[in-house]
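Written below as structure tokens is the structure these notes are about.
The values are calculated or read from the model by the stated rules, or taken from the named source; none is laboratory data. Note that this is a predicted model, so its numbers are computed, not measured. No Cβ is skipped: glycine too gets one built from the backbone with ideal geometry, and neighbour counts run over all protein chains shown. Just so you know, the surface numbers come from the protein's heavy atoms only, side chains and all, with ligands and any DNA or RNA stripped out. Shrake-Rupley method; radii C 1.70, N 1.55, O 1.52, S 1.80 Å.
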Amino acid sequence: MSLPSLKLSLIALAFAALTACGGNSDDKPSVPDAAPIIPAPGGVYVGYFQEDVTNNPEDAIAGAFVLSVPGTDANSGTKLTMTYAGCQTSNFGNDNGIKNGNAYGASWSGLLDATSQSGSIFATYDPATGYYSGVYSNAKGKQLLNLPNCTQYYMAALGKFEVFPIEKNLPASFTLSVNANTLSWTSVAGTASILVYVLDPVLAQSGILNPIKAHALLPGTSASYSLAAAGLSSGKEYIAVSQQSNSSSARIAFASKRFVAP
């Protein structure tokens with residue numbers, strides 16, 4: 001079975017398990033229904049994806065991953081943004097998702113670095129932590145992309161992601177600040193690489209256009225990022241995001257912050 005088919009099968013099994021309930025028979029005691037699952041809160045969730053380092057040992061990267069999910073269980077309405085560190089002018093995908101309580105599964109498709117891509121995702125929401133974590137797959141498998149006058153890199157066949165409510169900081173001591181056109185963050189021991197991006201929350205909610213206004217991967221020693229070239233509109237609210245990874249590509253810090261462009 002191919003990886004996308006396997007993922008979709010897992011999604012189907014997960015939702016079947018979630019929707020199943022106990023039954024009765026004449027010769028067996030009744031089984032009480034489980035307590036109802038309270039759906040995960042809706043809204044814009046910001047986070048990151050991390051390519052699988054085993055599948056893509058050459059250059060497994062982290063990138064922007066944004067989900068706008070409905071507040072109630074639904075079969076549609078979710079918007080997905082997934083951005084790689086290429087030279088793209090538009091990089092986002094649409095998905096056909098199913099939200100069931102604290103579980104979410106979807107097939108997705110769109111343009112990533114000007115190439116047509118598609119796949120599946122599955123995630124669960126943890127009420128204790130307040131965020132989604134999950135896995136994704138790419139139907140085309142691992143690919144070598146050569147972007148003229150830009151860069152060349154491998155796109156992995158699969159990876160994982162986490163998305164958080166806006167202004168969720170992990171750990172709480174990790175914070176972002178925006179001063180004029182400079183985004184900066186507190187230092188975290190063991191940081192090997194830093195993902196930063198800025199998004200338009202209105203576009204993230206609508207899913208019509210790519211909401212990512214600036215996006216970069218930086219060395220772990222970096223302490224700030226200039227927003228001067230991001231083309232932000234003065235007086236408009238944006239969201240700044242930073243995710244920091246260690247040498248094993250594991251997330252060690254994450255934060256997002258609302259700010260108004262000067």
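Considering only residues that are of a type outside the set (Ser, Thr, Tyr) and surrounded by fewer than 17 Cβ atoms within 10 Å (Cβ to Cβ), which ones fall in the range 171-187?
171, 172, 179, 180, 181 - these are the residues of the range 171-187 that are of a type outside the set (Ser, Thr, Tyr) and surrounded by fewer than 17 Cβ atoms within 10 Å (Cβ to Cβ).
Between a residue in the range 196-219 that is among the acidic types (Asp, Glu) and any residue that is in a strand (DSSP E or B), which pairs come within a Cβ distance under 7 Å, given they are 6 or more apart or on different chains?
200/213; 200/238
Show me the strands (runs of 3 or more DSSP E) entirely contained within the range 58-136 in which 3 or more residues are modelled with pLDDT under 85 and open to solvent by 40 Å² or more (accessible area, probe 1.4 Å).
92-100
Condition check: part of a strand (DSSP E or B), under 22 Å from residue 212 (Cβ atoms), open to solvent by 40 Å² or more (accessible area, probe 1.4 Å) and touching a strand residue (DSSP E or B) at 6+ places or on another chain (Cβ under 6 Å). Does residue 154 satisfy that?
yes
Considering only residues of the range 219-246 that are assigned to a loop (DSSP other than H, G, I, E, B) and within 14 Å of residue 184 (Cα to Cα), which is least open to solvent (accessible area, probe 1.4 Å)?
Here the residue is 227.
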